[in-house]
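Shown next, in C-alpha cells, is the structure this report addresses.
Read-outs throughout are calculated quantities, based only on the coordinates presented, and are distinct from any laboratory measurement. The shown structure was predicted, so the numbers you read here are calculated from the model rather than taken from an experiment. Every residue, glycine among them, receives a Cβ derived from its backbone with ideal geometry; neighbour counts consider all protein chains shown.
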Amino acid sequence: MGQLDGKVAIISGGARGQGEEEARLFAREGATVVLGDILDEDGRRVANSIVDTGGEALYAHLDVTSESDWSEIVDKTVAEYGRVDLLLNNAGILPVAPIEQATLEHFRQVIDVNLVGVFLGMRAVIPAMREAGGGCIINTSSTAGIQGYPGLGAYVSSKFGVRGLTKVAAVELGGDNIRVNSVHPGPVDTEMLANPDAKRDEHGDRPMRIPISRMGRADEVAKMMLFIAADATYSTGSEFIIDGGLTAASNLSR
C-alpha cells in the first residue's frame with residue numbers, strides 16, 4: 001500500500017520542476033493528483049505520463065492569481081474524485097531586480113503569484129477539506145523566507161509573507177483538522193535556477209557556502225513534501241527547511 005492511498009491532491013505549478021516531481025511521487029504513493037499550471041502542454045504531458053505508468057492524474061489550467069481558476073480546479077476535483085485532502089501550493093516566479101531599479105509592476109507581479117496565489121489556493125480548498133474531515137496544506141516558501149538576498153526584494157517579501165500566512169492559517173484551521181505547514185528549499189536544480197549565477201551568496205561575488213556542496217534536487221524536496229503529508233501528523237504552522245545547510249552556514253566568518 002502507498003502512503004497516500006485514497007488521498008486526492010491538488011498541486012499548483014505541477015507542470016515542471018518541483019511540482020512535477022511532487023506529482024509523480026504522490027501518484028506513486030497512491031494519491032490521485034490534479035495538476036494546475038499555466039503551462040498547458042507540459043502539464044498535460046506530466047498528467048498523461050502519470051496515467052500511462054498506472055497512476056491517477058488530471059490536468060487543469062490554473063493561473064494562481066485568478067479566483068475563478070482556483071474555484072474551477074477545486075470544483076472539478078470534487079466533481080471527479082469527491083474530495084480534496086491535500087494542497088501543495090508550489091507555483092512561483094523568481095525575477096531579479098534591485099529595489100532601486102524594480103518597478104511597481106515587477107513587485108506586484110511577484111507578490112500576486114507567490115503570495116496572493118497561496119492565499120487564494122488555501123481559501124479555495126478550505127470548504128472541501130472541511131467536508132472531507134480534514135486535510136493538509138503545504139506552502140512552498142524558500143530560504144528567502146528565512147533571510148534576505150540582494151536583487152530579490154519582491155521574492156523575499158513574498159516568501160516571508162508565505163511563511164507568515166502559513167502560521168495564521170495553521171491557527172485558524174487546526175480545529176477543522178486541517179494542517180498547514182511551509183517548506184523552505186534552498187537552491188534547487190530546476191529550470192527556475194538554471195542560471196549558474198543563482199548559486200551566488202548574499203554578496204553576489206562567490207558561490208554560496210552550502211555545507212552539502214551542491215544544489216538540491218527536486219525529488220529531495222518532493223520527499224520532504226511526502227513526509228509532511230503522510231507522517232508529520234502533529235505538525236502544523238511549522239517550517240521545514242531543506243537547504244543543504246545554507247541557512248545554518250549563513251553567519252560563518254568570511
Descending packing, highest mean Cβ count within 10 Å first, for 127-134, 12-19 is 12-19, 127-134
Expressed in nanometres to one decimal, the distance between label points 7 Å along Cα→Cβ at ARG123 and GLU72 is 1.9 nm
The chain: relative contact order from alpha carbon pairs under 8 Å, six or more residues apart, as a whole percent, is 18 percent
Partner aspartates and glutamates whose C-alpha sits under 14 Å from that of LYS223, ignoring same-chain residues fewer than 8 away, are GLU20, GLU21, GLU22, GLU29, ASP231, ASP243
Once normalised by the length of segment 89-186, the mean sequence separation of its alpha carbon contacts under 8 Å that are 6 or more apart gives a contact order in percent of 36 percent
GLU56 and GLU100 label points (each 7 Å along its Cα→Cβ direction) are spaced in nm at 5.6 nm
Here the residues of segment 7-35 lying in the modelled label zone of ARG83, meaning backbone nitrogen under 14 Å from a point 7 Å along Cα-to-Cβ, are 7-10, 31-33
Yeah, the chain with a ≥ b ≥ c from its alpha-carbon gyration tensor (a/c under 1.5 is rounded, else prolate when a/b outruns b/c, oblate otherwise) is prolate
Once normalised by the length of segment 1-134, the mean sequence separation of its alpha carbon contacts under 8 Å that are 6 or more apart gives a contact order in percent of 25 percent
Toy charge model, Lys and Arg Cβ at +1, Asp and Glu Cβ at -1: the chain dipole around Cα centroid in debye, rounded to 20, equals 760 debye
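Would you kindly state how much longer the chain becomes between ARG45 and ARG217 on full extension, computed as 0.36 nm times their sequence separation minus their alpha carbon distance, in nm to one decimal? Present the calculation step by step, with values, prior to reporting the outcome.
Values: separation 172, 0.36 × 172 = 61.92 nm, distance 2.08 nm.
Answer, rounded to one decimal: 59.8 nm.
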For LYS76, the aspartates and glutamates lying under 18 Å Cα to Cα, once residues fewer than eight places off in the same chain are dropped, come out as ASP37, ASP40, GLU56, ASP63, GLU67, ASP85, GLU131
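Please list 238-248, 83-93 highest first by mean number of surrounding beta-carbon atoms within 10 Å per residue. Mind dumping the intermediate values first?
Working: 238-248: 17.7, 83-93: 25.2.
Ranked from most to least packed, the peptides come out as 83-93, 238-248.
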